[in-house]
Amino acid sequence: MRRDVFQAIADPIRRDIIELLSHESLSINAVAEKFDISRPAISKHIKILNECGIVSINQQGRERYCQIRPQQLFEVADWVEQHRKLWEMKLDSFDNYLNQLQTKNSKK
């Protein structure tokens, strides 16, 4: 099953894994040690991140290392930016409305 990046970041554990890997590449065991859930559960989260292209896994000897691929998160950043602009416009409009009401009330 092909997953998308939004499915990957929907889970807080996966967001924490992304944050962790944004600082350095780590083995799957090293990632698992940072969490209070089982190694198989961490492996499943990493598999999902890998399927979405957010994390790549490289074999080095007996260890498998996870590395972040941040370019895959650009889709999320673009989506957030579009909606940020929309909400800023709506909030600015609401702020103007509140200022108008305050001005009306202060004139009474």
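As a summary of the residue check, residue 62 satisfies the conditions (1) basic (Lys, Arg); (2) more than 18 Å from residue 31 (Cβ to Cβ); (3) loosely packed, with under 10 Cβ neighbours inside 10 Å except for the one numbered (2).
Selection of segment 7-29 for residues being within 20 Å of residue 75 (Cβ to Cβ) and small (Gly, Ala, Ser) yields 8, 10, 22. Would you mind stating whether residue 68 is within 16 Å of residue 13 (Cβ to Cβ) and at pLDDT 95 or above? Against the criterion (within 16 Å of residue 13 (Cβ to Cβ) and at pLDDT 95 or above), residue 68 does not qualify.
Each row is one residue, and each column tells you yes or no for (1) touching a helix residue (DSSP H, G or I) at 6+ places or on another chain (Cβ under 6 Å); (2) over 30 Å from residue 16 (Cβ atoms); (3) polar (S, T, N, Q).
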{"position": "65", "(1), (2), (3)": "no, no, no"}
{"position": "68", "(1), (2), (3)": "yes, no, no"}
{"position": "74", "(1), (2), (3)": "no, no, no"}
{"position": "79", "(1), (2), (3)": "no, no, no"}
{"position": "85", "(1), (2), (3)": "no, no, no"}
{"position": "88", "(1), (2), (3)": "no, no, no"}
{"position": "93", "(1), (2), (3)": "no, yes, yes"}
{"position": "98", "(1), (2), (3)": "no, yes, no"}
{"position": "101", "(1), (2), (3)": "no, yes, no"}
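The values are calculated or read from the model by the stated rules, or taken from the named source; none is laboratory data. Note that this is a predicted model, so its numbers are computed, not measured. Neighbour counts are summed over all protein chains in view; Cβ atoms, including those assigned to glycine, are modelled from backbone coordinates with ideal geometry.
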